[in-house]
1. Residue pairs, Cβ under 9 Å, 6 or more apart or interchain, first in region 136-156 and over 26 Å from Met126 (Cβ atoms), second part of a loop (DSSP other than H, G, I, E, B) and among the hydrophobic types (A, V, I, L, M, F, W, C). List them.
2. In region 159-170, is there at least one residue being in contact with a Pro (Cβ under 9 Å, 6 or more places away or on another chain) and at positive phi?
3. So if I check each of Ser51, Ser16, Ser8, Ser46, which one is modelled with pLDDT under 90 and either outside any loop (DSSP other than H, G, I, E, B) or crowded, with 24+ Cβ neighbours inside 10 Å (or both)?
4. Looking at Ala132, Ala167, Ala182, Ala173, can you tell me which residue is without any contact (Cβ under 8 Å) to a residue 60 or more places away in the chain and not in a helix (DSSP H, G or I)?
5. For region 71-124, which fully contained strands (runs of 3 or more DSSP E) count at least 3 residues that are within 14 Å of the chain's Cα centre (by Cα) and buried (at least 19 other Cβ atoms within 10 Å of the Cβ)?
6. Please find, within region 54-68, the residue that is modelled with the lowest pLDDT out of those that are of a type in the set (A, V, I, L, M) and not in a loop (DSSP other than H, G, I, E, B).
7. Can you find even one residue in region 30-39 that is assigned to a loop (DSSP other than H, G, I, E, B), of a type in the set (Asp, Glu), without any contact (Cβ under 8 Å) to a residue 40 or more places away in the chain and more than 26 Å from Glu183 (Cβ to Cβ)?
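The values are calculated or read from the model by the stated rules, or taken from the named source; none is laboratory data. Just so it is clear, the model here is predicted, and its values are computed rather than measured. With ideal geometry, Cβ positions are generated from the backbone for all residues, glycine too; neighbour counts draw on all protein chains shown.
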Amino acid sequence: MTTKPKISFKKEVRLSGSGGQGLLTVGLILAEAATSEGLNVTQTQSYGAASRGGSSRADVIISNQPIYYPEATRFDALVALTQESCDKFLPSLGENGILIVDTVFVKNYNVTDQKVFALPFTMIAMEQLGSALPTNILALSFLVYATEIVSEKALKAAITNFKPQFAESNLKAMKLAKKLVAEYDLPMQE
């Protein structure tokens, strides 16, 4: 009896913006969600000299094969929450990559073969969740629902476990992201 060869996959994600937007947190959450599904993961981060306002990014590489280089170099998905991060990292978004931007802060982006999801994530969080704080979870959850890079179940568990004191508001952000993806008429996992 022969077995089918396992299909190899590797996804590189960059989450970028400025210090204080919680990008390092969502990078850790995404890495935890992928790890819980038995996948190989690397998570690296970089931030500017100022903890708030300086540039910030988290890279997450997810694969079912060994990962030999820990930093994302050609992204399958880029989340840009500031114009500076979009300008800086957009050239490294791969062909057929996915760009997710917060239109509150990102006004200009030029893509060719990439798919773009442009939403005012910060404004949506403020209006529908009462605070800009869960913008990071809203954008991460949108990414997960739009790409199915990890399962909804794994994301929910990682969000709940990471900082339990914020679980309620973060799960509301996750639910709102699912609604936003549905409005884009994208297929979603159940």
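1. Glu148/Met188; Val150/Leu39
2. Pass one, region 159-170, residues in contact with a Pro (Cβ under 9 Å, 6 or more places away or on another chain): 166, 169-170.
With at positive phi added as a condition, the list becomes none.
Scanning region 159-170, I find no residue that is in contact with a Pro (Cβ under 9 Å, 6 or more places away or on another chain) and at positive phi, so the answer is no.
3. Working: Ser51 fails: either outside any loop (DSSP other than H, G, I, E, B) or crowded, with 24+ Cβ neighbours inside 10 Å (or both); Ser16 fails: modelled with pLDDT under 90; Ser8 fails: either outside any loop (DSSP other than H, G, I, E, B) or crowded, with 24+ Cβ neighbours inside 10 Å (or both).
Unique residue meeting the criteria: Ser46.
4. On the way: Ala167 fails: not in a helix (DSSP H, G or I); Ala182 fails: not in a helix (DSSP H, G or I); Ala173 fails: not in a helix (DSSP H, G or I).
After applying the criteria, what remains is Ala132.
5. Values: elements: 75-80, 93-102, 115-119.
Per the criteria, 75-80, 93-102.
6. At the first step, the residues of region 54-68 found to be of a type in the set (A, V, I, L, M) are 58, 60-62, 67.
In the following step, the residues that additionally are not in a loop (DSSP other than H, G, I, E, B) were identified as 58, 60-62.
Numbers: Ala58: 94, Val60: 97, Ile61: 97, Ile62: 97.
The selected residue is Ala58.
7. Residues of region 30-39 assigned to a loop (DSSP other than H, G, I, E, B): 37-39.
Filter once more, so that each one left must be of a type in the set (Asp, Glu): 37.
Cutting the leftovers down to without any contact (Cβ under 8 Å) to a residue 40 or more places away in the chain gives us none.
Scanning region 30-39, I find no residue that is assigned to a loop (DSSP other than H, G, I, E, B), of a type in the set (Asp, Glu), without any contact (Cβ under 8 Å) to a residue 40 or more places away in the chain and more than 26 Å from Glu183 (Cβ to Cβ), so the answer is no.
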